[in-house]
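Here's the structure, in structure tokens; my notes come after.
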Ligand code: PMP
Ligand code: GLN
């Protein structure tokens, strides 16, 4: 029997952005349907540390399968706090200043829903990760983009200063930055810190790529800047650091009062999640610094490998200082529009990438740019380049 669905437009909530799937899901489905090499959605095709994977298996076998505590298990909160102290000299109290979340996505959503009122403005670096706009919409706020535009993808500090209005409540700072791979330096971060203090803004720092940085580049958390510890929420995720994007174990650190407000929202989004993964991630944070360093070096090799391959087919990448993404302008291949290019590419040569346009609020911004993920095994990267070489 064929059912005809009648869906009343009256039912749709205005604050919901759209019923469309994310570009990442769309492109991954297209990769499967066309048997393409998937350099689109950012997930590695290799696993995290063996110790962590075994710890999760053992936890399941040992019956760690029921609700964990609302803020996450104590060993994980302690490991997150200790990691912050060890790497950045930033002290947080594991009981009151740390909460475990369902990936960084939930931490971001809960932070935005907890602090943004209808009409409040949230500044974010544009292009921005897709969940920012959706969460700000859910809160009834207004997302104001500040350009990190090509070809060099450098933050426009003058635009940032001009973007602050009496309605600005929050600055959302993603560094290392998806999709451009830019890593903010001391001068840019100092300027953001000064603005935040001068205008009494809350700063939400999306640091999910904190360990995926290359060459001599350093990740400097904004919370280490004078006066920022008390107004910053730091968000990160085991998905990136330990190559386990499907586990969705993330966290937020910040002043106790802010974390309490964030947790109040989070408890009604997922309540809790990932019971057997939590002890495994705690162990990884405590004992896998060497694995993280090694993995970063390998990723740097992959960055250079894909960059050389893209150059060989006529695409000059903007070299990223961090993340596992790089960007090229696709005009040399005869396309003015990255979205059109990405929709054609799987059928033309069996490769999937992500168009930059989906990360911008401004119409036409980022139009010729395409993002390529290089968190893939070397043969997969080589095969993608070989296929791109047949592009005609
Ligand atoms: N922020 C950025 C900048 C990201 O690229 C991602 C992608 N995964 C997330 C947040 C979400 O992280 P998670 O998968 O831990 O929810
Ligand atoms: N963060 C990943 C990316 O940028 C995708 C995550 C998702 O699919 N929501 O590719």
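Numbers below:
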| item | result |
| --- | --- |
| Within the range 127-140, considering residues that are on the phi < 0 side of the Ramachandran plot and not in a helix (DSSP H, G or I), the one surrounded by the fewest Cβ atoms within 10 Å (Cβ to Cβ) | 129 |
| The range 133-158: number of residues that are without any contact (Cβ under 8 Å) to a residue 60 or more places away in the chain, under 17 Å from the mean Cα position of the chain (by Cα) and closer than 22 Å to residue 265 by Cβ | 2 |
| Only one of 241, 224 that is more than 17 Å from residue 125 (Cα to Cα), in contact (Cβ under 8 Å) with a residue 24 or more places away in the chain and surrounded by 19 or more Cβ atoms within 10 Å (Cβ to Cβ) | 241 |
| Criterion (within 16 Å of ligand 2 (Cβ to nearest atom) and under 30 Å from residue 40 (Cα atoms)) met by exactly one of 130, 156, 152 | 130 |
| Test result for residue 371, under 20 Å from the mean Cα position of the chain (by Cα) and either surrounded by 24 or more Cβ atoms within 10 Å (Cβ to Cβ) or without any contact (Cβ under 8 Å) to a residue 40 or more places away in the chain (or both) | yes |
| Among the residues listed as 268, 242, the single one being more than 16 Å from ligand 2 (Cβ to nearest atom), more than 17 Å from residue 98 (Cβ to Cβ) and modelled with pLDDT of 95 or more | 268 |
| Flag for residue 202 being touching a residue at least 40 places away in the same chain (Cβ under 8 Å), within 16 Å of ligand 2 (Cβ to nearest atom) and touching a helix residue (DSSP H, G or I) at 6+ places or on another chain (Cβ under 7 Å) | no |
| Evaluation of residue 82 against (1) touching a helix residue (DSSP H, G or I) at 6+ places or on another chain (Cβ under 9 Å); (2) within 16 Å of ligand 1 (Cβ to nearest atom); (3) at negative phi (one fails), failing number | (2) |
| Pair list, Cβ under 7 Å, 6 or more apart: the range 307-325 residue within 16 Å of ligand 2 (Cβ to nearest atom), other residue part of a helix (DSSP H, G or I) | 320/303; 324/299 |
| Elements of type helices (runs of 4 or more DSSP H) in the range 146-254, at least 3 residues being more than 16 Å from ligand 1 (Cβ to nearest atom) | 157-163, 186-198 |
| Selection status of residue 124, within 16 Å of ligand 2 (Cβ to nearest atom), more than 16 Å from residue 284 (Cα to Cα), modelled with pLDDT of 95 or more and assigned to a helix (DSSP H, G or I) | no |
| Helices (runs of 4 or more DSSP H) wholly inside the range 1-98 containing at least 3 residues that are modelled with pLDDT of 95 or more and more than 26 Å from residue 273 (Cα to Cα) | 74-88 |
| Given (1) surrounded by fewer than 22 Cβ atoms within 10 Å (Cβ to Cβ); (2) under 24 Å from residue 79 (Cβ atoms); (3) in contact with a helix residue (DSSP H, G or I) (Cβ under 8 Å, 6 or more places away or on another chain), index of the condition residue 260 fails | (3) |
| Some residue of the range 277-296 being in a strand (DSSP E or B) and either surrounded by 15 or more Cβ atoms within 10 Å (Cβ to Cβ) or in contact with a strand residue (DSSP E or B) (Cβ under 9 Å, 6 or more places away or on another chain) (or both) | no |
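The values are calculated or read from the model by the stated rules, or taken from the named source; none is laboratory data. Keep in mind that this is a model prediction, so the values were computed, not measured. Positions of Cβ are generated from backbone atoms using ideal geometry, with glycine treated the same way; all protein chains shown enter the neighbour counts.
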